[in-house]
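Have a look at the structure below before the remarks.
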Amino acid sequence: MTRTKLPEHLEDKIFEIRYLSDDSVSKIISYFAFSESEKEEILLALNDESFDGFHSIFTDNVTEEQWSKTKEQIKKKFKDELFDIDKN
């Protein structure tokens, strides 16, 4: 199977995607919680309306403008300081 390709603007917000042995998505971990419209867009891309494996590192909701201003700093922090945040 081919792994699902999500729209770039959503992949940018994702910390990690976990897959099952059949390459289906089991868990999507984003930096911040996705909006309902973003979740719907992902469900369409996954072609799985019942997928409920959305998780986020931070529970805050951020606007596109806030994300654009802080994403590089947040990603760098995770890469440099919190690399092993989730080994479960």
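State to the nearest 20 debye the size of the charge dipole of the chain about its Cα centre, where the only charges are +1 on K and R beta carbons and -1 on D and E beta carbons.
On the way: 13 positive and 21 negative charges, 80 e Å.
Approximately 380 debye in magnitude.
Give the percent of DSSP beta bridges with both residues in the chain that are antiparallel, rounded to the nearest 5. All intermediate terms of the calculation are to be shown ahead of the outcome.
Values: 5 of 9 bridges.
The antiparallel fraction comes to roughly 55 percent.
The label point for Phe58 and the one for Lys75, both projected 7 Å from the Cα toward the Cβ, are 1.5 nm apart.
With runs of 4+ DSSP H residues as the only contributors, calculate the mean residue ellipticity of the chain at 222 nm using -39,500 (n - 2.57) per run, divided by the residue total and rounded to the nearest 500. Please report the intermediate quantities before stating the final value.
Details: 3 runs with 32 residues, N = 88.
Rounded to the nearest 500, it is -11000 deg cm²/dmol.
What is the sum of charges, Lys and Arg at +1 and Asp and Glu at -1, for the other residues whose Cβ falls under 12 Å from the Cβ of Glu38? Provide the component values of the computation, followed by the final result.
On the way: positive: Lys13, Lys39; negative: Glu11, Asp12, Glu36, Glu40, Glu41, Glu64.
Cβ neighbours under 12 Å give a net charge of -4.
Distances between every pair of Cα atoms in the stretch 31-75, grouped in 10 Å steps from 0 to the bin holding the largest one, split as 25, 49, 25, 2 percent. Lys-Lys pairs in the chain that are eight or more residues apart or on separate chains and whose Cα atoms lie under 17 Å of each other come to 16.
Each reported figure results from applying straightforward, stated rules to the coordinates on display, with no laboratory input. A quick note: this is a predicted structure, and the numbers were derived from the prediction, not measured. Virtual Cβ from ideal backbone geometry, glycine too; neighbours counted across all protein chains shown.
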